[in-house]
Structures are given as C-alpha cells and as structure tokens.
Amino acid sequence: MHYALNLRTFFYSHYFYLGLRFAAGLVGVTLFTLQFASLETAMTVCIGALCTALMDMPSPLRHKFNEMSASVLLCSAVTLLISLCAPLHWLLMTMLVAISFFACMMIVYGKKSMPLQLATLFIMTMSMEHAMTASQAFIHTGLFTLGALAYLAYAMGISWLLRHRIKQQVLAEALFELAAYIDIKADFYDTRYNLSEQFNKLVRHQSLLADRQQAARDLILRSHLNRKDAIVVQTHVCMLDLYELILSTHTDYAQLRLHLADSPVLKTLHDLAYKAARDIESVAYDVTRDKPSYPEISYDTELAAVEAELAVLQQRISEGQPAQEALAVLRAQRNKIRAIIQMIGELHAASQKVADSTPFWVDADMGPFLSQQKYELRMILSHLRLGSPIFRFSLRVAMAITAGLAVAAWLPYAAHSYWIVLTIVIILKPSFSMTKQRRSDRIVGTVIGCVITALIIQYLNYPAAILGFLILATVATPTFIYLRYRYAAIAVSVMILLQMHLIAPGNHDLIIERLVDTFVGAAVATAFSFVLANWEYQSLPRLVNEVLSVSLRYMQASADLLQGKGSDDFAYRIERKRLMDSLAALNSALVRMLDEPASKQRAVEDINLFIVQNYLLVAHVAALRAIVRRHVKEIPQQALNAMLEDSHAQVSDILQRAISKGKGQPAGLAHGARQAPVSHVAAASNAGHDDNTSWSGWPLVQRRVRLLQADAAKIVVHSAAILRDIK
C-alpha cells in the first residue's frame, strides 16, 4: 500500500497539503469575489483559479512561477478565443479541434507539461457552452484572468512560506519508497516466493523509487540556503549512499536457499531486512513531522543469531562437511547487513543536526542530477510528422473530440457536450495502457460519485451539509489526482454535481445525464484509442539501445572509480543515475505493453531478463565498491587495478557488440577494446589461501568480477532476442 494511503502518514504527506492548499485557494478566491459580485461572476473567477491550480505541484519556486504563469497566459488566450468563436458554430467546432490538437502536442515537453495540457483542454470545454458578444468575451476573459492571477499569487506565497516543508515531504516520500524496496528484498530470503518473480517485482519497484528520488533531487539540490536546508541535503545524500549499499546486497539467493533451507537463519535475515525497512520508515515519518530522528530499533538478537549460524557452519567445515559456499555467502551478507545498519544510523544522525563537513559535491554543479526542462517551438515543429507518436496522439484526440461533439448533437436529451468532450480529454492518453486504466477509473469513479451525490441530495439536502461535502470533495480531488485517480474521479463528480445542484436545484435529471455523458465519452475514447495507435513495442529498439549506451558509460565511470583514477565519485553518481533512469523508462514501457492486446506484445520474457541483467551490473559494481572499501588494506592495489582493467575491457567489448547489433552494424570488437581474460591476476588469486586469509577481500573481488562478466554476456543474448522478436 502506498505510504500516503496510510492514515498515520496521510496527513503529513505533500498530497494532503496539496489538497488543502488547492481547496483553501479556490474557496477563498470564490468567497472573496462573492462579497463584491454576483454568483455568475464568482464562478468565472473560480474557473480561472481552478485552471491555474491544476499546475500547483511541488516544484522549485522559480519553476513553479514559470509553469503557473504559462498556464495563466495560455488558458486566458484559449478562453478569449473560444468565447469569440462561440456565436459561429462552424468556427467554434473548428477551433475546438485545432486547440485540442495543439494542446496535445505540448506533451513533447515531458511529464511536467501534462497538467498544462489538461488545464488548456479543461478551459476549452468550459468555455464552449457560452455564446457571447465580443465585449462580453473580453469581460469574461478578464474575470477569468483575474481569478487565475489571484490563485497564482496565493500559491506562490504559500509555497514560499512552506518551501522547506515541501522539501521534507518529498524527501520523506523517497525514503518511504526505499523502505518498500527493502521489504521486497526481504522476501528473497523467504522460500515461499519464487526468485524470478520476486526479482521482477523488485525491478518494477525500482522504477518508482527512481522517480521519487529524482523528484527529491529536483527540489533539494537546486538550492540550500540555511541550516534547515543543509539538514535536508545531507539526509538526501545519506539516503542515496544507503541505496547503493542496498544494491550491493544482491547475492546468490539460490545458494542460500539450497544450503540453508533447513536453517532458521533465512528467517533471521528476512527479519533483519524487515526491521531495516521499518527503521528507514521511522526516519521518513520524523522528517515529515519536522523532527530529528533517533534509532529505536535493535538488531542485536538477529545479528547474534546470524553469528551463531556462522559458527555452526565453520564447525561443519572443520569436521570435513561441505559448507564452504554457504559460509561464504552468509558471511558476505552478514557484512553487508552490518554496513546497512550502520548507514541507517548515519541517516538518523543526518536528520538531527548539520554535520561538521558536507559532501564534496554539495557545492558542485548539480545540473546533471536535475531534470532539465526546455520549452522551444522547434521541439513541437520537429514532431509534426506522421511517424511521431505525439503527432499521432494529437490527431487521435482531435478526431475523438470531433466524434464526441457529433454524438452529443444527436443525443435525445439536452446534453451538455462539454461533459462528453471533457471525459474524452481525461480518458484518452498517449499510450493504450494509460487510456485503459484511466477509462476504468473514470467510469467507476463517476458511478460511485453519482451514487454518493444522489444520497446527499436525497437525505442531507441542507445548505450547511452540502457546503461541507463540497469543501471535502474539493480537498480530496487534488489530493488523490496523482495518488489514486479513481478516488479523485469520485471526488470531482461529487464536487461538480453538488455545484450544479446549488446553481440549478430543480434539475432532477442532472445525475442521469452526467452518467450518460460519461459513458458516451468513454465509449468514444475507447474506440479512438485504436486509431493511429502507438504500441509500446515500436519504441523498444530505441529504449534498449539507450540502456546499452548508458551501461557502457556507467561501466567506464565505475572502472575509473574502482581503480582510483578520480578524486571523487561525482561522475560515477551521474552515470548511475542515468542508467537507473534508462532502465526505469524501459521497465515502464514493458509494464504498459502488458496492458495492451496480446497481438501487440513482443519479447516480454527477454525484456524482463534484459532489465534484470543490467540491474545486476549495477548491483555487482556496488558490491565491488563495498568490498574494496571494507578490505582496502588487504587487497593489493596494483593487482586489483590489473584485474579491473581486464574485466572492464571485456565487459565494454560485450556491451559495444550489443550496441552494434542494435544499430545493424557488424558486431566486431570495439575500437580499443581487448578480448582479455582475467589472466595472471586470477591465477595469482587461486594460488592458495590458508584459513586465515581465504575470506579476505581478494576472493570476493574475483568472484564479483566473474559474475559481472557473466551477466554482461547475457545482455547481448537478450538484446538480440528483443530486436529479433520485434522485427
């Protein structure tokens, strides 16, 4: 369950704060206007505030101002344009289709442009029902803009006052998702769970975790001006270091299950991981409450049980029983878990006070870690071609709206065509899977909302009660719109239907009409989701090649770091982030493809394995880094560098061959790459160790390097299979 759906954490989440901010601003602007103007004027001002409020999301202040200002200008222009065209039906219909097309083209600017697209289409549908003279259109637009500017000023003021609080809430969300990630890893020790299925689940959650970490970076690393900001920054840095340690815990779970299936130590390891997740959650919970966090969980009992099991295994070895492999894997896990527990302690400490020394990269250029947003006209122009998925989506929406308007004109009752159009706009999304999910949420949410509204009107038809439910629905709508859209659909249905009931209490067919309009809009959106459709398999070659290219750069950065060629790990962190982002994009495409018709699904199993193998590269590198740090005095640097250099040459060649195959080029050796085995170094490491040195860092390094090379080799096989299946 999502952390924000738990009552313990819901009221501290930024989702609830967004709902409160949204409702207070909307209701406040409307009530203030009512003191000086009519209800009709107040509703126009309210709609202006509502369109601007759709852009009110957690963002750096400068970005928020730019985004919300763009909404004010664009929505005001659309309001004026539609109002002027309304008297001429043919011109209005033409303008609705044109605006729908260009609004959908705005998604070339990425995820953050989606609310702006929705706001544009929303005000377009709200303005299409009112026929006005030219002077009335300008007055109407002026009132709309006044409401939009009022909410802009209000939102910027509140965001400035709560700027630190919002950073804490977004950081806490990333910590909660990290805890959920560890919960998944804990089940690897439970023999009831299939390892392959569990690993796929882990990789799926990693995409969500990467998204939350990026949201935290964008807010926290852009500016840190005071002591409170410094605490948030160092907690964020500590969280990222902890994440890398957790990555390094990936081990041979099959060996653990094979050798220790009858031992209680597997449950002990599971309990350790579960406790670690709860420990991280306690940090997140304290961060949301603006409190320093202190350790309250003890791991002593479980650690003692692990030590006891290690002693038993050591005794079995001394008696000549085969337990060497189990002892090696368990000892490695013990060391990693101890390191994670220590890092969680540092996470608690980071939330308490500003450290004497800050990480070296706090004052560095954070640009590579942050989301870059560019709004250039040439980006839209470059997609004005039939081969562009965004262009095809825009055409699809324009055609669907045309069909929706035609159907509305033929309905046997006085339908409000704007509701049908709005339903189409909300349901029809760039991908088939998103459309399918949104359609289900919209229909179910509308039906439930209509039932709730009918019960309120029938049994609680008192002004005070209706006003209370209206405010509650106004808070719930933005709270759940990014959390659970189905809940938001329920709330928005209640909110709009109650508003209409207050304005026109005598309309007894209001709820039935809304249900019919919703089903008509959903049917039109569903039909057009197959027109000029963009199937996910079409984007797979590009996404796979992007992962391979970023993996190659990541391996170079990690090789430089492990060999001590750089003064810090700044470049390594950048490439690790890019690799995780590219894997998350590919994983998201896979998840969406699984919701598409079976005939449109390609290479599902190979994509799964390809993602897993690339993920394992990151895990092996993280493990190597942890081993080298832990055994820095035991491992000879010259021999280590020689091994890493040979290994890097091999892995780079493997990845380069995979990239060449993806581009249709001859898959020969990469320029400058060497087909080098782990030669004299491996021989030296196998020369023999006595009992006192056999568990030093050197054999662990060697084992990880072999695993790294083996998993890199599998990447070529799976990437080739993906491309072959698609073709």
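The values are calculated or read from the model by the stated rules, or taken from the named source; none is laboratory data. Treat the numbers as computed from the prediction; the structure is a model and nothing was measured. FYI the Cβ positions are ideal-geometry reconstructions off the backbone, even for glycines, and counts take in every protein chain you see. Just so you know, the surface numbers come from the protein's heavy atoms only, side chains and all, with ligands and any DNA or RNA stripped out. Shrake-Rupley method; radii C 1.70, N 1.55, O 1.52, S 1.80 Å.
Taken across the range 98-111, residues that are within 19 Å of the chain's Cα centre (by Cα), under 19 Å from Y485 (Cβ atoms), open to solvent by less than 40 Å² (accessible area, probe 1.4 Å) and not basic (K, R) do occur, with at least one present.
Taken over the range 643-661, the criterion of being open to solvent by 30 Å² or more (accessible area, probe 1.4 Å) and either within 28 Å of Q342 (Cα to Cα) or at pLDDT 80 or above (or both) is satisfied by E645, Q650, Q656, R657. Inside the range 387-428, residues that are under 23 Å from V108 (Cα atoms), of a type outside the set (S, T, Y) and in contact (Cβ under 8 Å) with a residue 12 or more places away in the chain make up a count of 19.
Just to verify a result, which residue in the range 181-233, among those that are basic (K, R) and not in a helix (DSSP H, G or I), is farthest from A585 (Cα to Cα)?
R192
Answer yes or no: is there a residue in the range 484-500 that is under 24 Å from A42 (Cβ atoms), among the basic types (K, R) and either surrounded by 21 or more Cβ atoms within 10 Å (Cβ to Cβ) or touching a Ser or Thr at 6+ places or on another chain (Cβ under 9 Å) (or both). No.
Which residue out of S529, S539, S558 is in contact (Cβ under 8 Å) with a residue 40 or more places away in the chain, under 30 Å from Q637 (Cβ atoms), open to solvent by less than 30 Å² (accessible area, probe 1.4 Å) and of a type outside the set (A, V, I, L, M)?
Numbers: S529 fails: under 30 Å from Q637 (Cβ atoms); S539 fails: under 30 Å from Q637 (Cβ atoms).
Going through S529, S539, S558 in turn, just one is in contact (Cβ under 8 Å) with a residue 40 or more places away in the chain, under 30 Å from Q637 (Cβ atoms), open to solvent by less than 30 Å² (accessible area, probe 1.4 Å) and of a type outside the set (A, V, I, L, M): S558.
Within the range 595-611, if we keep just the residues that are in contact with a helix residue (DSSP H, G or I) (Cβ under 7 Å, 6 or more places away or on another chain) and part of a loop (DSSP other than H, G, I, E, B), the residue that is nearest to H205 (Cα to Cα) turns out to be D595. Right, E605: in contact (Cβ under 8 Å) with a residue 12 or more places away in the chain and of a type in the set (D, E) or not? No.
Quick check on the range 249-257. Is at least one of its residues over 32 Å from the mean Cα position of the chain (by Cα), charged (D, E, K, R), surrounded by 13 or more Cβ atoms within 10 Å (Cβ to Cβ) and assigned to a helix (DSSP H, G or I)? Outline the logic, then answer.
As a first pass, look at the range 249-257 and keep what is over 32 Å from the mean Cα position of the chain (by Cα): 255-257.
From what's left, charged (D, E, K, R): 257.
Okay, now just the ones that are also surrounded by 13 or more Cβ atoms within 10 Å (Cβ to Cβ), so 257.
Now restrict to residues that are assigned to a helix (DSSP H, G or I): 257.
Within the range 249-257, one or more residues are over 32 Å from the mean Cα position of the chain (by Cα), charged (D, E, K, R), surrounded by 13 or more Cβ atoms within 10 Å (Cβ to Cβ) and assigned to a helix (DSSP H, G or I).
Within the range 20-33, residues that are over 16 Å from F144 (Cβ atoms) sit with their Cβ atoms under 9 Å from residues that are surrounded by fewer than 17 Cβ atoms within 10 Å (Cβ to Cβ), at 6+ positions apart or across chains, in these pairs: R21/L162; A23/I471; A23/L472; V27/I471.
To keep it simple, each residue is scored yes or no on (1) touching an Asp or Glu at 6+ places or on another chain (Cβ under 8 Å); (2) modelled with pLDDT under 90.
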position: F102; (1), (2): no, no
position: M114; (1), (2): no, yes
position: S135; (1), (2): no, no
position: L143; (1), (2): no, no
position: L162; (1), (2): no, no
position: R165; (1), (2): yes, no
position: A172; (1), (2): no, no
position: I182; (1), (2): no, no
position: K185; (1), (2): no, no
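Residue-level analysis places L552 outside the set of residues that are open to solvent by less than 40 Å² (accessible area, probe 1.4 Å), in contact with a Lys or Arg (Cβ under 7 Å, 6 or more places away or on another chain), among the aliphatic types (A, V, I, L, M) and closer than 16 Å to L644 by Cα.
Scanning the range 19-72 for residues that are outside any loop (DSSP other than H, G, I, E, B), open to solvent by 40 Å² or more (accessible area, probe 1.4 Å) and more than 24 Å from Y482 (Cβ to Cβ) turns up L31, F32, L34, L39, E40, M43. Just one residue in the set A408, A403 is under 30 Å from R438 (Cβ atoms), in a helix (DSSP H, G or I) and modelled with pLDDT of 90 or more; that residue is A403.
If you filter the range 121-175 down to residues that are open to solvent by 20 Å² or more (accessible area, probe 1.4 Å) and in contact with a Lys or Arg (Cβ under 6 Å, 6 or more places away or on another chain), you find that the one that is nearest to D279 (Cα to Cα) is H164.
Do you know which residues across the range 494-541 are in contact with a Cys (Cβ under 9 Å, 6 or more places away or on another chain) and β-branched (V, I, T)? Across the range 494-541, the qualifying residues are V494, I511, I512, T518. In the range 631-645 there is no residue that is without any contact (Cβ under 8 Å) to a residue 12 or more places away in the chain and in contact with a Leu (Cβ under 8 Å, 6 or more places away or on another chain).
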